[in-house]
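Working notes, structure below.
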Amino acid sequence: MSHETRTALRVCPLCEATCGLTLTIEGTSVTGARGDREDVFSRGFICPKGASFGGLDADPDRLRTPLVRKDGVLREATWTEAFDAIAAKIPALIEEHGKQAVGVFLGNPNVHTMAGGLYPPLLLSALGTRNVFTAGTLDQMPKHVSSGLLFGDAHAIPVPDLDHTAHLLLIGANPLESNGSLCTAPDFPGKLKALRRRGGTLTVIDPRRTRTARLADRHAAIRPGTDALLLAALTQVVVEEKLADPGALAGHLDGYDELAEAIADFTPEAVAAACDVDADTIREIARELAAAPAAAVYGRIGSCTVEHGTLASWLIDVLNILTGNLDRPGGALFPLSATARAPRAAAPGKGFDLGRWRSRVSGHPEAKGELPAAALAEEIETPGEGRIRALIVIAGNPVLSAPDGDRLDRALAHGLDFMVSVDPYLNETARHADVVLPPPPPSQSAHFDFAFNSFAVRNQVRYSRPAVPLQEGRMDEGEILARLVLAVGGNHGAPPETVDDLVITTTLARAGLPEELAGNLTGRTGAERRLDLMLRLGPYDLTLEQLLARPHGIDLGPLKPRIPQVLRTRSGRIELFPAPIAADLPRLRASIGARPAGLVLVGRRHLRSNNSWMHNVAALRGGSNVCTLQIHPDDAARIGLAEGETARITAAGGEVDAPAEITDSVRPGVVSLPHGWGHSRPGTRMSVAGAEPGVNVNQLLDGTLLDPLSGTAVLNAVPVSVTPTR
Ligand SMILES: Nc1nc2c(c(=O)[nH]1)N[C@H]1C(S)=C(S)[C@@H](COP(=O)(O)OP(=O)(O)OC[C@H]3O[C@@H](n4cnc5c(=O)[nH]c(N)nc54)[C@H](O)[C@@H]3O)O[C@H]1N2
Ligand SMILES: Nc1nc2c(c(=O)[nH]1)N[C@H]1C(S)=C(S)[C@@H](COP(=O)(O)OP(=O)(O)OC[C@H]3O[C@@H](n4cnc5c(=O)[nH]c(N)nc54)[C@H](O)[C@@H]3O)O[C@H]1N2
Ligand code: SF4
Ligand SMILES: [Mo]
């Protein structure tokens, strides 16, 4: 093995900011990572997670070979044995019990890998199952649904024009810790500081005084779960005081009068007590928003994973629209990524429908082809036709990330005939698998951001080839997933390239292009050739070769107005007041009088962590990155809880114990526990995480509380009680 030191460029896959990294490589090991100053998008920014790329990449707990269960025990196996086992089981199960017998759970890192962008859709069509669950219903599904209803395209999500806005209203997001979400912006903190420096205004709505809130001109510590009420009142003020001026959008709107009438009673005075934000402040925020030369309203987890998540997400864009800020520079704009289909002329589209089918047990409506992740356990446990008997999990850990992990844990242990997990770790979920297929570490994987380029605050495109060669015995994740598609579809053993070739042929045919063009595509792998094709068919007429020649990326310019081209509604217009929203409004109105009797729980994220899987890197542990229950001093005093003392938190789904951290950064009446902890189950292989496991906050949820329109689990504003354990 050679030990010369060199550098390689690699886009960071560890959060949505997509920073360009310069990796230092000795032999085949990554020994350092710094921000790539020449990166066209991130310009050298890096955070502690990116700086720990090497440690994460070389984690000795990463699986090196597939695991196959024999006589009840997971043992190291060859790739052939692993895929043989899958091919022997899944097609036969489908044959015997039908397509619905196989369920799929797609976790968050699928949007951070190239393979995760290219192959899961093919897996779903090979299986033909409706039992599809993703991290989306623990996260951003309300935003997809509101975009689907407003614009006719669930993927048309406007992002705040951070570099040019004069006024940002940020709701339930903490980009100083998360580095941003559904808004891809390397150095989000720097961009907020720049906004303040150029005289702009930042307002943060969050029940916690977060690091982001501390940066703001104004922080309103709202009562959790009431943002839709606040947003309805902001909209009411804009309408009532005739501040609405949709500008260039005026000719593209349907339903303004119906909307205005429907929200007329959501006055600041009506919602103030529920939100615990006074009416004058609400009026002031609305007036400032309307008066700003350019403003953007942006909401994230705290506005999505709540009981009225879809209504809140919808109202955020309604405010952007009515104040003339949607689709204008400095407002909220639709990015145009290099692999998007080239824009077509504006015309009516197919629209967006909800509830085209329902889940078998509880009858939850599908949204965007998915069923609620919170309903996965019951679909495995409940007998009858269509029961899930086999589960394929790709890059997911629902035992920790979804409500009532203990129930799902039992369902996976006792309710399945067969389970496959594609994951680098033997995590709390994968420990139940019959076959575990481990992808190589990121240094050995190519990287392209299919998802995040379409949420980026600047249009740009970058591609990284593997920084070090694939180690002997490793299999590229693209190949793993292609082989999985073949194995479940009865084509086990066919060359994996056939999967990509078929996609290329059908894509060319659909575009009305001759099949021979496939011969022009370049690339070392099927995934690269597909990328090349998408770039060529995309809006900027790029090629893979051009990307390879520009390793620091290609800047494609600032975001530009795209309406009406993005609209896909049946009317061809923006549907301001869609019927499913109208039908859900009475539920919001009814919540005005409801007040929690006791404490409510919200989550939090830590800069040096990521959901459930980064607690195994020693360099990222400690400091603020701990699983404590944050509680306000007044509440702690009332309950009789001392700093560091163990608190017992009880809710509908169960109870957990965590050390109390008394802090006035949470508002009275609110406690906060982070998620992704609870690494204490036997049979996992995450030694660092297991040494200080923390507790699983999602054990407090029983999985019945959902935002009904999107099927998204209510993870914030959950009623809990807290007592000392003594
Ligand atoms: N209470 C509460 N619960 C939450 C949230 C919350 O705010 N509060 N947040 C929710 C949100 S926003 C999300 S997105 C979900 C996430 O939920 P999940 O997607 O279920 O969980 P993750 O912890 O993101 O990790 C998924 C797995 O992907 C694996 N992985 C990492 N890299 C790769 C790779 O390159 N390939 C493959 N195949 N696997 C890889 C990791 O090892 C890990 O086991 O959690 C949700 N749960
Ligand atoms: N370091 C780190 N970065 C991450 C992740 C991580 O785990 N760690 N996860 C990644 C993922 S998967 C995602 S989806 C993004 C999420 O990105 P963000 O949404 O920016 O991250 P959160 O920290 O969950 O911020 C949600 C905020 O909402 C507040 N909140 C809770 N309930 C309410 C409410 O009812 N109303 C209002 N107004 N606010 C409320 C919380 O106090 C919290 O500050 O982060 C990504 N980046
Ligand atoms: S901000 Fe996100 S993308 Fe940038 S270095 Fe940190 S983890 Fe990586
Ligand atoms: Mo997420």
Apply the Karplus curve 6.51 cos²θ - 1.76 cosθ + 1.60, θ = phi - 60°, to the phi angles in segment 67-81 and return the couplings in whole Hz, x for Gly and Pro. 10, 10, 7, 10, 6, x, 10, 6, 10, 4, 9, 8, 4, 4, 4
Based on the mean of other beta carbon atoms within 10 Å per residue, what is the order of 345-358, 159-172, most packed first? 159-172, 345-358
Check: C-alpha center segment 403-430 vs C-alpha center segment 451-520, spacing in Å is 28
Cα lying deepest toward the dipole's positive end in the chain, options 540, 445, 724, charges on Cβ: 540
Give me, ordered by chain and number, the residues 5 or more places off residue 35 or on other chains with an amide H under 5 Å from its own placed amide H. 22
Amide H neighbours of residue 632 under 5 Å, at least 5 residues apart or on other chains, H built in the peptide plane: list them. 663, 669, 670
Check residue 333: other-chain or 5+ apart residues with amide H under 5 Å from its amide H, H built from backbone geometry? 159, 161, 327
Can you give the FRET efficiency for residue 687 and residue 357, using 1/(1 + (r/R0)^6), R0 = 60 Å, r = Cβ-Cβ distance, to the nearest 0.05? 0.90
Can you give me the accessible area per residue for the chain, using a 1.4 Å probe, in Å²? 36
For each pair in 49/89; 89/368; 193/350; 49/143; 70/143; 89/350, compute the distance between the two Cα atoms and list the pairs where it is over 32 Å. 49/89; 193/350; 70/143; 89/350
Tabulate in residue order the Karplus-calculated ³J(HN,Hα) for segment 597-603, using 6.51 cos²θ - 1.76 cosθ + 1.60 with θ = phi - 60°, rounded to whole Hz; enter x for Gly and Pro. 6, x, 6, 10, 9, 10, x
Excluding ligands, DNA and RNA, the carbon-plus-sulfur percentage of the accessible area of the chain with a 1.4 Å probe reads 51
What ranking do 647-654, 294-301 get when scored by the average of other Cβ atoms within 10 Å per residue, highest first? 294-301, 647-654
What is the packing order of peptides 394-407, 486-499, 64-77, taking the mean over residues of other C-beta atoms within 10 Å and listing the highest first? 394-407, 486-499, 64-77
On a full-extension model of 0.36 nm per residue, what is the gain between residue 344 and residue 414, subtracting their alpha-carbon distance, rounded to one decimal in nm? 20.2 nm
Would you please report the Å³ per residue occupied by the convex hull of the alpha carbon atoms in segment 596-724? 120
Bridge orientation stat for segment 556-708 from DSSP, antiparallel percent rounded to 5, came to 60
Between segment 4-40 and segment 128-167, what is the C-alpha centre distance in whole Å? 30
Computed over the chain, the relative contact order (Cα-Cα under 8 Å, seq sep at least six) in percent reads 20
Which value, in debye to the nearest 20, describes the size of the charge dipole of segment 596-724 about its Cα centre when Lys and Arg Cβ atoms bear +1, Asp and Glu Cβ atoms bear -1, and nothing else is charged? 440
In whole Hz, with x marking every Gly and Pro, tabulate ³J(HN,Hα) for segment 345-351 from phi via Karplus 6.51 cos²θ - 1.76 cosθ + 1.60, θ = phi - 60°. 5, 4, 6, x, x, 7, x
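The values are calculated or read from the model by the stated rules, or taken from the named source; none is laboratory data. These figures come from a predicted structure and were not determined experimentally. So basically every Cβ, Gly included, is an ideal-geometry build from the backbone, and we count neighbours across all protein chains shown. What goes into the accessible areas is simple: the full protein's heavy atoms, side chains included, and nothing from ligands, DNA or RNA. Shrake-Rupley method; radii C 1.70, N 1.55, O 1.52, S 1.80 Å.
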